[in-house]
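Novice: Before I ask anything, let me first share the structure, which is written out below as structure tokens.
Just so you know, all these numbers are worked out from the coordinates, no wet-lab data involved. Here the structure is a predicted model, which is why all the values come from computation and not from measurement. Neighbour counts are summed over all protein chains in view; Cβ atoms, including those assigned to glycine, are modelled from backbone coordinates with ideal geometry.
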Amino acid sequence: MTHSKSYTLGEIASILKLKLLGDEQCVVNGLSPLKSAVSGQLSFFNNPAYINQLRECNASAVIVDEKYADACKNNVLISSAPYVSFAEVTVLFDKPTVRKPSVHPSAHVHESVALPESVYIGPNVVLDASVELGKNCVIGSGTFLGEGVKLGNDCLIHSNVSIYHDVSIGNNAIIHSGSVVGADGFGFAFDGEKSVKIHQLGSVLIGNDVEIGSCSTIDRGTLENTIIGNGVKIDNQVQIGHNCAIGDHSIICGCTGISGSVTIGRYCVMGGASGTVGHITITDKVQVSAMSLVSESITEAGTYSSGTWTMKTSQWKRNNIRFQQLDSIAKRVKQLEKMNNKS
Amino acid sequence: MTHSKSYTLGEIASILKLKLLGDEQCVVNGLSPLKSAVSGQLSFFNNPAYINQLRECNASAVIVDEKYADACKNNVLISSAPYVSFAEVTVLFDKPTVRKPSVHPSAHVHESVALPESVYIGPNVVLDASVELGKNCVIGSGTFLGEGVKLGNDCLIHSNVSIYHDVSIGNNAIIHSGSVVGADGFGFAFDGEKSVKIHQLGSVLIGNDVEIGSCSTIDRGTLENTIIGNGVKIDNQVQIGHNCAIGDHSIICGCTGISGSVTIGRYCVMGGASGTVGHITITDKVQVSAMSLVSESITEAGTYSSGTWTMKTSQWKRNNIRFQQLDSIAKRVKQLEKMNNKS
Amino acid sequence: MTHSKSYTLGEIASILKLKLLGDEQCVVNGLSPLKSAVSGQLSFFNNPAYINQLRECNASAVIVDEKYADACKNNVLISSAPYVSFAEVTVLFDKPTVRKPSVHPSAHVHESVALPESVYIGPNVVLDASVELGKNCVIGSGTFLGEGVKLGNDCLIHSNVSIYHDVSIGNNAIIHSGSVVGADGFGFAFDGEKSVKIHQLGSVLIGNDVEIGSCSTIDRGTLENTIIGNGVKIDNQVQIGHNCAIGDHSIICGCTGISGSVTIGRYCVMGGASGTVGHITITDKVQVSAMSLVSESITEAGTYSSGTWTMKTSQWKRNNIRFQQLDSIAKRVKQLEKMNNKS
């Protein structure tokens, strides 16, 4: 894809601190995958399985590990971590909407709020009493920050986000539209006739460098705080229940639901639409497959899955009938083994 | 249900271009299913299994295929596709909020935006720089359209929708409240310590006649665009990841999650809460059952499922224990077969 | 956790109508679980498995059933339902944002709307024609109430909620941010080439004492109304399709998807991320486990589950291969049994 910005390879090498083998003056105006890249574009090579694509790639330059540099017919930028270098180069071609520091006249800023001069507050934003923003924060239109909400420096909160009272967020947060942080956890005591609301007295504490996708929800804690560690990345439509603690640098993919009072370790990956039952602990460096339900605590790092694979529905129905008989089938196998042993 | 509008059967026959067998002057003021319809209402007959309901139906008129017309004791409107005719008649009884063309004084329209006279822009709407709207568009309160967003003609965007910069949408779109189109795709490169954000340089291109439910999210592409074809219908709480392409006229039911870089063909149906892993292709006319996970590409049209059926939990637990032993059980069966063959 | 309010035990005993064994003048300023409670805090004992935590608890007072009172070394509040009493005490320590009755000058209230003096209408709220609010309602910033929406008394609608025309809600509702009530149900008739929209002519009727979490969606009915009974509690990210009826006091946990035209009885619990296919009926007092799909009607109270347990992915793969062969394995077992019977 061609973007609206362009750089010489010399500039890119300098910004990314990479060694360039080739033409410093060559101009690139976009990024593309190996297969579709054309002249004027920069690509990256990360997966040895695609070595033939690298050999045939028409990009003006490719970010590549030193040992594959020879396979590339054009300019190369040498990186020991080409995918990370690619991530770093994307920011150069991004076209973020420019938000000059200012407070839109339609924003409702409580008289108790003292805003740094470097912030941008969009139209119809509501900042309730005692909100505190760090420098360079950008708050998109229609977003609500409740009483006592604290944001660190360089936070980007997109449009139509709702953050309830007393939520605290570190530096460099990105929160996408439609997300809700700090709504009441789902807690009720059943009195035999009806559900009595347990008011949620905790809050949500979010570390530094956290990104939260669109339409995700993180509930406030009951008696303690819900905690999101540093560097945690949360995709769209994720639900994190009250009293959870998500360890640093863990990744929660889209549509995942974490039940209440769950502790997830550091460097975990919850696959898309995965989930957990409540009140369990998952240790560090656990990866859970897509649409798997973690039904008990996991104490050993590794990859975990539940569910069954996709089949043609006719085959799946036959197997499901048998799944309903599975305990009985297992017993019959045991019986057969007994009989065979006797004979 | 009785609605606030009424029509004679003659009028309805004329509007829907159906043959009426019965009283042209008969007035109907509502629509109901066969079973609960009363005099003054119009019903439809679509499923031969309910022929007895048709025979006993008290509706003033029924939309029916010619061959079942005799089974109906009252007026009939003859249609070769009664369910489609029913769909067409619902619009006659709908009570859409009237939105006279106007721009609410509280809307924030960037000076670079030239609006057609026929549009309605609600309270607190934000239209950023270079937004382009076709004629007759209606934008509900609190909705945000980022820089460079383009909408075709006759689009209805409900309240509190967020559409990020450069998203392009065709004619006749309906987008329900709370949905977010064009937020960043979920892409990071792990550098051994932390996740480095891959800026999402693509956008979202949406064809004509697309409906998107409430609280659904469609992410912008990384290097290319995320594409939603013509006539695609997306239910509530659906997540569509970056770089996906959804073929024309496919249906995505509620709570479904489509991982990144997935291509779905034309005329597919993703059942409720279904999902896919990333980087796969699903061919045309594939139907995926509710809560099934498509874990690899599907190259043949048909119906696919995963998961197991609901059982009483006690029975389910016993079978699940056996599922954990299933590989071992299968091996034991093989062993038994060997022994039997020997003997 | 220590909160900003404090009470003497005498006050709490009086408000909750509990018998106090101990010091009336003792002041508590917070609530904590047994294990982490310190002096000055109030705790509760609900689960006999934690009797040792009760014995060692450092809280200034514990809410406890009479028969366990002796195990507690400090003050006790006697309750026949300690968990319910705990729920009732949480409200005393909650810090709700004070919303003095008022209509924010930036709110857009249609001229046809007559507001009780006791309501609070936040910034940028939009109340369309003929909206009716009961007394003491609080409407958060950016929330949209469509034409003809009716709310009972004492409703709390948080920020950025969207409620479509003609939705009716009883007394004491709480609706959290980002939720959407009354958007179009997902209904189309396929005409062989494209999906023809079935306009959704029903509405949503919600009873008294209903709580709806954040980013949840409840669709309006096609010809009849979608109905949510009294006392129903709905968590975050829940989808309830058109024409559903949810019985009184049922609980719908987070991320659950209820397909269209489903009837759920009273006192049911749908576990997190559970779901149903459409057009089924679930009787009273049914509990569905997390991430289970109810694939047919349930006529008997009890607990139901589907899916498989989490395993290490390597083990899971082996078992899944066998699951795909399960019908064949079952037949082979039957064959072995036949052979054994012969021999």
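Novice: I'd like the distance between the alpha-carbon centres of the range C:17-42 and the range A:1-43, rounded to an integer number of Å.
Specialist: Each part's Cα centre sits 66 Å from the other's.
Novice: Name the most mobile residue of A:Val125, A:Val180, A:Val38, meaning the one with the largest mean-square fluctuation, in a Gaussian network model of chain A with Cα contacts below 10 Å.
Specialist: A:Val38
Novice: Would you please classify the overall shape of the range C:2-93 from the alpha carbon gyration tensor, given that a ≥ b ≥ c denote the square roots of the eigenvalues, rounded means a/c under 1.5, and beyond that prolate means a/b larger than b/c while oblate covers the rest? Before the final figure, lay out each step's value.
Specialist: Working: a/c = 1.44, a/b = 1.25, b/c = 1.15.
Because its axes are fairly even, with a/c under 1.5, the range C:2-93 counts as rounded.
Novice: Once every DSSP H run of n ≥ 4 in chain A is given -39500 (n - 2.57) and the sum is divided by its residues, what mean residue ellipticity at 222 nm do you get, rounded to the nearest 500 deg cm²/dmol? Can you show the working numbers first?
Specialist: Working: 5 runs with 55 residues, N = 343.
After summing the helix terms and dividing by the residues of chain A, the value is -5000 deg cm²/dmol.
Novice: Follow-up question, since we're still on this one. Calculate the radius of gyration of the Cα atoms of the range C:168-233 to one decimal place, then report Dmax, the largest Cα-Cα distance, as a whole number, both in Å.
Specialist: Computed over the Cα atoms of the range C:168-233, radius of gyration and Dmax are 14.0, 47 Å.
Novice: Same structure again: Starting from a label point 7 Å past Cα on the Cβ side, list the distances from C:Lys338 to the same position in the other copies, nm, shortest first.
Specialist: For C:Lys338, the inter-copy label distances come out at 2.4, 2.4 nm.
Novice: Other chains' Cβ within 10 Å of C:228-241 residues: what's the mean?
Specialist: Partner-chain Cβ atoms within 10 Å, mean over residues of C:228-241: 5.
Novice: Moving to a separate point now. Projected onto the charge dipole of the range A:1-113 (+1 at Lys/Arg Cβ, -1 at Asp/Glu Cβ, origin at the Cα centre), which of A:Val91, A:Ile12, A:Ser106 gives the Cα projection farthest towards the positive end?
Specialist: It is A:Ser106.
Novice: Copy-to-copy spacing for C:Val38, label 7 Å out on the Cα-to-C-beta vector, in nm, shortest first?
Specialist: Copy-to-copy label distances for C:Val38: 6.7, 6.7 nm.
Novice: With the Cα gyration tensor of the range C:189-267 giving a ≥ b ≥ c as the square roots of its eigenvalues, does the rule (a/c under 1.5 for rounded; else a/b larger than b/c for prolate; else oblate) give rounded, prolate or oblate?
Specialist: Numbers: a/c = 2.47, a/b = 1.85, b/c = 1.33.
Since a/c reaches 1.5 and a/b is larger than b/c, the shape of the range C:189-267 is classed as prolate.
Novice: Any idea how far the Cα center of the range A:308-343 sits from the one of the range A:208-277, in Å?
Specialist: One Cα centre to the other: 38 Å.
Novice: Of the residues B:Met291, B:Met270, B:Met311, which exhibits the maximal mean-square fluctuation in a Gaussian network model of chain B defined by a 10 Å Cα contact cut-off?
Specialist: The residue with the greatest mean-square fluctuation here is B:Met311.
Novice: Related question: For the range A:83-203, what is one quarter of the convex hull surface built on the Cα atoms, given in nm²? Display every interim value, and only then the final one.
Specialist: Numbers: hull surface 41.0 nm².
Average of the hull's projected areas for the range A:83-203 equals 10.2 nm².
Novice: Under 10 Å, Cα contacts only: if you run a Gaussian network model on chain C, which one of C:Tyr83, C:Tyr267, C:Tyr304 comes out with the highest mean-square fluctuation?
Specialist: C:Tyr83
Novice: By how many nm would the segment from A:Val38 to A:Lys95 lengthen if fully extended, with 0.36 nm per residue of separation less the alpha-carbon distance? Each step should come with its number before you reach the end.
Specialist: Numbers: separation 57, 0.36 × 57 = 20.52 nm, distance 2.10 nm.
Separation in residues times 0.36 nm, less the Cα-Cα distance, equals 18.4 nm.
Novice: Let me ask something else about it. Whole number please: convex hull volume per residue, Cα atoms of the protein assembly as shown, in Å³. Can you show the working numbers first?
Specialist: On the way: hull volume 203.5 nm³, N = 1029.
Value for the protein assembly as shown: 198 Å³ per residue.
Novice: Quantify how strongly other chains surround peptide C:33-45 by giving the mean number of their Cβ atoms within 10 Å of each of its Cβ atoms.
Specialist: Working: counts 4, 0, 0, 2, 1, 0, 0, 0, 1, 0, 1, 1, 0.
Across C:33-45, the average partner-chain Cβ count within 10 Å equals 1.
Novice: Kirkwood hydrodynamic radius, the range A:215-323, all distinct C-alpha pairs: what's the number in Å? Before the final figure, lay out the partial values.
Specialist: On the way: mean 1/r = 0.0699 Å⁻¹.
For the range A:215-323, inverting the mean 1/r across all distinct Cα pairs yields 14.3 Å.
Novice: When every alpha-carbon pair in chain C is counted, what percent end up more than 29 Å apart? The partial results should precede the final answer.
Specialist: Details: 33913 of 58653 pairs.
Looking at chain C, the distances longer than 29 Å represent 58 percent of pairs.
Novice: Using a label position 7 Å from Cα in the Cα→Cβ direction, what is the ascending list of nm distances from B:Tyr50 to the same site in the other copies?
Specialist: From this label point to the equivalent ones elsewhere in the assembly: 5.1, 5.1 nm.
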